[in-house]
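Here's the structure, in structure tokens; my notes come after.
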Amino acid sequence: MHIGIIGAGYVGLVTGACFAEFGIFVTCVDKDEQKIKSLKKGKIPFYEPGLDTFVQKNVAQGRLKFTTKIAKAVESSLVIFIAVGTPGRGDGSADLKYVEGVAQEIASHIDGYRVIVTKSTVPVGTGEKIREIISQNLREQTDFDIVSNPEFLREGSAIEDFMRPNRIVIGAKSAQAVAIMQDLYKPLYLIETPFVITNIETAELIKYAANSFLATKISFINEISNLCERIGADVHMVAKGMGLDQRIGPKFLHPGPGFGGSCLPKDTSALLKIAEAHDVHLGIIDAAVRANENQRAYMVQKIRDEMGSLKNKTLAVLGLAFKPNTDDIRDAPALTIIQGLQKEGAKIRTYDPVAMKEAARQIPKMKCCKDAYDAVKGADAVVLITEWNQFRNLDLARIITLLREPFFFDLRNVYDPQKMKAKGFRYFSVGRV
Ligand code: NAD
Ligand code: UGA
């Protein structure tokens with residue numbers, strides 16, 4: 001089978017490379033010429049562990065091709081995935097201009113039956129909107145089907161998540177389109193992946209509901225962690241005690257500086273807007289979003305309260321990406337926290353293994369350093385924001401001698417409070433005393 005994927009970002013490129021790995025012939029399209037140029041040379045334009053090997057192998061074996069021309073993918077493919085961005089607009093709703101633009105262009109090249117699949121996260125009703133756009137822009141009358149096939153991969157473990165997903169969701173009206181999608185995902189039947197086959201609207205909502213539920217879990221444990229600090233409880237033990245109940249589960253109960261990234265923040269806001277448009281108030285999700293904003297602000301307040309004034313203090317921020325194993329800084333808590341600290345008069349020295357270049361473009365007034373020790377040199381405090389593996393095993397004896405004052409704010413609870421205090425640090429974490 002030949003398929004086309006429009007949008008070669010985190011989702012499109014992973015999807016393309018993984019389907020090629022299943023033996024399918026894939027044409028990936030992106031309008032960004034620079035991106036396509038580097039992909040043709042086997043260079044991945046962002047950091048995602050393992051993706052380069054998959055791309056290089058499948059390009060060499062002739063199953064994965066790159067182009068800037070949608071026509072090339074549409075003409076040669078039975079199934080066309082839309083995997084372009086759906087960023088948040090100022091009011092929180094999802095901006096569909098890229099998806100709609102792509103739908104229009106696809107329509108102008110269709111010359112026979114095609115299955116058009118949204119992989120992008122899109123508001124409920126978008127599938128039907130795409131159907132209309134395509135019908136109105138077809139250059140010749142032909143059948144086509146619309147499918148919603150939302151993606152649940154996480155950045156940093158995208159390949160594993162795609163190759164071994166918890167489930168595949170397929171929303172469609174047409175039995176023929178469902179059968180084609182099932183055929184495409186056949187290798188996953190062998191590992192007994194559950195398939196959820198439903199209508200388009202339900203599939204679209206499953207994606208937003210899942211991300212919003214994950215966000216709610218994080219905000220829930222973050223609020224509990226703030227209470228733990230006041231009453232002398234240990235949030236990790238609380239999370240363990242809760243998570244062992246199989247109805248709750250242990251995942252996404254790790255406290256920290258709040259959820260970030262290109263999806264949980266924008267998707268919670270977009271779901272609120274979708275509900276608002278239908279006169280429904282989603283109080284729990286609304287509260288999860290507000291708790292997340294408060295959590296970021298609370299991190300700044302905590303650092304200021306413990307250190308006194310931050311005026312002319314130098315802080316060494318370790319980690320900028322919204323989580324480890326990605327260079328993505330979209331809505332990263334580190335950026336909001338750094339801006340908050342700067343507002344309080346602090347000077348920032350920072351280090352992140354892969355996200356520093358892009359972060360420096362957004363926050364020019366910070367000193368980018370060559371490693372964690374360089375960042376800490378002469379600083380008044382360490383503020384650990386992203387739990388990269390290399391920050392889990394810092395030479396603490398060296399860190400304490402490099403610091404001007406022994407403050408250590410561990411916003412990801414990487415270290416043990418008692419051990420850190422025994423080493424002489426004034427150590428503060430999240431939800432543990
Ligand atoms: P991204 O910004 O990394 O990639 C989108 C790509 O689409 C860009 O390379 C852009 O140049 C390209 N594009 C835009 N308009 C185009 C056009 N007209 N023709 C060809 N290419 C075009 O975005 P992403 O992170 O991959 O997210 C894509 C979608 O998938 C979003 O809806 C997102 O919510 C969803 N999603 C993302 C993740 C994730 O982990 N990043 C996971 C699940 C779902
Ligand atoms: C998230 C979802 O987990 C994916 O299933 C989904 O496909 C994706 O959004 C999407 O729609 O784009 P991702 O944003 O890559 O994936 O990252 P997560 O691992 O979910 O982490 C999101 C944020 O929550 C990070 O800032 C992370 O540090 C934070 N987090 C996560 C916590 O603070 N505590 C936790 O217990 C888990």
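The values are calculated or read from the model by the stated rules, or taken from the named source; none is laboratory data. Predicted model, so just to flag it, every value in this text is computed and none were measured. Cβ coordinates were reconstructed from backbone atoms using ideal geometry, including for glycine residues, and neighbour counts include every protein chain displayed. Quick note on the areas: whole protein, heavy atoms, side chains included, nothing else; ligands and nucleic acids left out. Shrake-Rupley method; radii C 1.70, N 1.55, O 1.52, S 1.80 Å.
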#### Entry: ³J(HN,Hα), Karplus 6.51/-1.76/1.60, whole Hz, each residue of segment 144-155, x for Gly, Pro
7, 10, 10, 10, 9, 9, x, 10, 10, 5, 9, 5
### Task
Mind running the shape call on segment 191-280? Use the C-alpha gyration tensor, a ≥ b ≥ c as the square roots of the eigenvalues: rounded below 1.5 for a/c, prolate if a/b tops b/c, oblate otherwise.
oblate
### Message
With every protein chain kept in place and ligands, DNA and RNA left out, what is the accessible area per residue of segment 2-198? Probe 1.4 Å, answer in Å².
### Response
43 Å²
### Message
Angle check, please: helix 10-21 long axis (alpha carbons) against the longest principal axis of the chain (alpha carbons), in degrees 0 to 90, nearest 10.
### Response
60 degrees
### Summary
Rounded to whole Å, √(5λ) for the Cα gyration tensor eigenvalues of segment 2-198, largest first, gives 23, 20, 18
## Note on the structure
Env charge @ residue 308, Cβ radius under 11 Å, K,R +1 / D,E -1, value -2
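Show me the GluC sites (Glu not before Pro) within segment 142-200 that DSSP assigns to loop and that have at most 13 other Cβ atoms within 10 Å of their Cβ.
Passing both the DSSP loop test and the Cβ count: 192.
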### Query
By accessible area of protein heavy atoms, probe 1.4 Å, what ranking do 214, 184 get, highest first?
214, 184
### Signed unit charges on C-beta, dipole axis of segment 212-428, positive-most listed residue 254, 372, 283
372
### Message
Give me the three principal axis extents of the chain from the C-alpha atoms, as integers in angstrom, largest value leading.
### Response
73, 47, 41
### Query
If you keep only loop residues by DSSP, which trypsin sites (Lys or Arg not before Pro) in segment 15-95 have at most 13 other Cβ atoms within 10 Å of their Cβ?
41, 43
### Query
Of all accessible surface on the chain at a 1.4 Å probe, what whole percent is carbon and sulfur?
52 percent
## Note on the structure
Partner lysines whose C-alpha sits under 24 Å from that of residue 43, ignoring same-chain residues fewer than 8 away, are 31, 35, 57, 65, 69, 72, 119, 323, 357, 370
### Query
So how tilted is helix 200-231 from the main axis of the chain? Cα-based, degrees 0 to 90, rounded to 10.
10 degrees
### Summary
The answer for trypsin sites (Lys or Arg not before Pro) in segment 321-408 that fall in a DSSP coil and have at most 10 neighbouring Cβ atoms within 10 Å is 365, 370
### Query
Per-residue HN-Hα couplings for segment 333-347, Karplus 6.51 cos²θ - 1.76 cosθ + 1.60 at θ = phi - 60°, whole Hz, x for Gly and Pro?
x, 4, 5, 5, 5, 4, 4, x, 5, 5, 4, 7, x, 7, 9
### Message
Under 19 Å from a point placed 7 Å out from the Cα of residue 186 along the Cα-to-Cβ direction: which residues of segment 4-46 have their backbone N that close?
### Response
4, 16-27
### Query
Taking Cα atoms, how many degrees apart are the long axis of helix 126-137 and the longest axis of the chain, rounded to 10 and kept between 0 and 90?
40 degrees
### Query
Cα gyration tensor of segment 151-309, axes a ≥ b ≥ c as square roots of the eigenvalues: rounded (a/c below 1.5), prolate (a/b > b/c) or oblate?
prolate
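If you average 1/r across every pair of different Cα atoms in segment 212-428 and take the reciprocal, what Kirkwood value do you get, in Å?
After inverting the pairwise mean of 1/r, the radius is 18.0 Å.
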### Task
Assuming a ≥ b ≥ c are the square roots of the Cα gyration tensor eigenvalues, decide whether segment 83-186 counts as rounded (a/c under 1.5), prolate (otherwise, with a/b larger than b/c) or oblate.
oblate
### Message
Please compute the per residue accessible area over segment 212-428 with all protein chains in place, 1.4 Å probe, rounded to a whole number of Å².
### Response
48 Å²
### Task
Pop a pseudo-label 7 angstrom from the Cα along the beta-carbon direction at both residue 40 and residue 201 and give the gap in nm to one decimal.
4.5 nm
### Query
Of 162, 28, 320, which is farthest along the charge dipole of the chain in the positive direction, counting Lys and Arg as +1 and Asp and Glu as -1 at C-beta?
320
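Please state the charge dipole magnitude for segment 2-198, taken about the Cα centre, from unit charges on C-beta atoms (+1 on K and R, -1 on D and E), reported in debye and rounded to the nearest 20.
Details: 23 positive and 23 negative charges, 96 e Å.
Here segment 2-198 has a charge dipole of around 460 debye.
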### Task
Please report, in debye to the nearest 20, how large the charge dipole of segment 96-194 is about its Cα centre when each Lys and Arg carries +1 at its beta carbon and each Asp and Glu carries -1 there.
140 debye
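Rounded to the nearest 500 deg cm²/dmol, what is the calculated helix-only ellipticity per residue at 222 nm for the chain, with -39500 (n - 2.57) per DSSP H run of length n ≥ 4? Don't skip to the end; give the middle numbers.
Details: 18 runs with 197 residues, N = 433.
That comes out to -14000 deg cm²/dmol.
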